[in-house]
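Here is the structure we will look at, set down as structure tokens.
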Amino acid sequence: MREPELQQSPAAIELLLDPKAEAEIRAEWDALAARGMSSLAAHTSASNRPHVTLVARVGLPKVDRRVLADIPSFPITLGAPLLFGNGERRVLARSIVPTGELLALRAAVRSAVGTGDDAPHTAPGEWMPHVALARRLRVADLAEALDLIGGDIHAHARSVRHWDPATAQITTLAELRPMRSSAR
């Protein structure tokens, strides 16, 4: 009799946001938790930060940091709520308005890691940029949850990290350089 294969968690390359935006997202996590709903506030690991997953897969190769060395910080808008999944419980997230800068960053990361068996939510043609608020929100709580989510959050991309759940290791791949303000 064959041993069942153990399912491994995929490693991920993630985009982190500026501290003000992170605080606004954490406030939404806290508001959901205060009402007894599913929320990422309950996950207190140091790795749990608001982020945009750029790519995730088991066996994700290391990324040469030089690929990301000259990428400037860029604005990001967290917009309307999204619901992923099916059944009684769903993932509640904030949509990310795609921009040329975000798409270029994702393309650079995908080029650096090559092809592979990506997690469905980051596979080519399937990726929907988002920041998760709750992973197991009951559909029955959706209307109340939506009342707790504010308007658009205007953020800036700040850094890119590699998260390996197998080793619980977080590696910063790039601190995005501040944009130069133009003289007027």
Q. Of the residues in segment 14-55, how many are assigned to a strand (DSSP E or B) and either surrounded by fewer than 21 Cβ atoms within 10 Å (Cβ to Cβ) or hydroxyl-bearing (Ser, Thr, Tyr) (or both)?
A. 2
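Within 17 Å of Ala12 (Cβ to Cβ) and among the basic types (Lys, Arg): does that describe Arg158? Working first, answer last.
On the way: within 17 Å of Ala12 (Cβ to Cβ): yes; among the basic types (Lys, Arg): yes.
Here the answer is yes, as Arg158 does meet what is asked.
Hey, can you tell me all the residues within segment 93-107 that are assigned to a helix (DSSP H, G or I) and of a type in the set (A, V, I, L, M)? Break it down into steps so the answer makes sense when it comes.
From segment 93-107, those assigned to a helix (DSSP H, G or I) are 100-107; that's our starting set.
Selection gives Leu102, Leu103, Ala104, Leu105, Ala107.
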Q. If you check Val160 against the conditions, is it closer than 15 Å to Ala56 by Cα, surrounded by 18 or more Cβ atoms within 10 Å (Cβ to Cβ) and under 16 Å from the mean Cα position of the chain (by Cα)?
A. yes
Q) If a residue has to be modelled with pLDDT under 95 and assigned to a strand (DSSP E or B) to count, how many in segment 58-79 make the cut? A) 1
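Could you say which residue among Ala123, Ala107 is surrounded by fewer than 16 Cβ atoms within 10 Å (Cβ to Cβ), of a type in the set (Gly, Ala, Ser) and within 19 Å of Ile71 (Cβ to Cβ)?
Among Ala123, Ala107, only Ala107 is surrounded by fewer than 16 Cβ atoms within 10 Å (Cβ to Cβ), of a type in the set (Gly, Ala, Ser) and within 19 Å of Ile71 (Cβ to Cβ).
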Q: Return the residue satisfying two criteria in turn: it lies in segment 86-104 and is aliphatic (A, V, I, L, M) and out of contact with any Pro (no Cβ under 8 Å at 6 or more places or on another chain), and of such residues it is surrounded by the most Cβ atoms within 10 Å (Cβ to Cβ).
A: Val91
**Q.** Where a residue in segment 84-104 is at pLDDT 90 or above and its partner, wherever it lies, is of a type in the set (S, T, N, Q), with Cβ under 8 Å and at least six apart
**A.** Arg89/Ser38; Leu92/Ser38; Ile96/Thr77; Val97/Thr77
Q) With respect to the numbered conditions (1) on the phi > 0 side of the Ramachandran plot; (2) loosely packed, with under 13 Cβ neighbours inside 10 Å, which one is the sole condition not fulfilled by Ala69? A) (1)
(Q) I need every pair where a residue in segment 63-83 that is within 18 Å of Leu102 (Cα to Cα) has its Cβ under 8 Å from the Cβ of a residue that is modelled with pLDDT of 90 or more and polar (S, T, N, Q), sequence separation at least 6 or different chains. (A) Val67/Ser111; Phe74/Thr99; Pro75/Thr99; Ile76/Thr99; Leu78/Ser95; Gly79/Ser95; Ala80/Ser95
(Q) Of the conditions (1) under 28 Å from Thr167 (Cβ atoms); (2) out of contact with any Leu (no Cβ under 7 Å at 6 or more places or on another chain), His130 satisfies every one except a single condition; which number is it? (A) (2)
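For segment 124-133: of the residues being touching a strand residue (DSSP E or B) at 6+ places or on another chain (Cβ under 9 Å) and farther than 26 Å from Ala33 by Cβ, which is modelled with the highest pLDDT?
Step one: filter segment 124-133 for residues touching a strand residue (DSSP E or B) at 6+ places or on another chain (Cβ under 9 Å), giving 124, 126-133.
Next cut, farther than 26 Å from Ala33 by Cβ only: 124, 126-127.
Numbers: Pro124: 88, Glu126: 90, Trp127: 93.
Residue satisfying both the conditions and the ranking: Trp127.
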(Q) Filter segment 48-57 down to the residues that are touching a residue at least 60 places away in the same chain (Cβ under 8 Å) and over 16 Å from Arg158 (Cβ atoms) and list them by number. (A) Val55, Ala56, Arg57
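The values are calculated or read from the model by the stated rules, or taken from the named source; none is laboratory data. Please read all numbers here as calculations on a predicted model, not as lab measurements. Cβ sites come from the backbone with ideal geometry, for glycine too, and all protein chains shown count toward neighbours.
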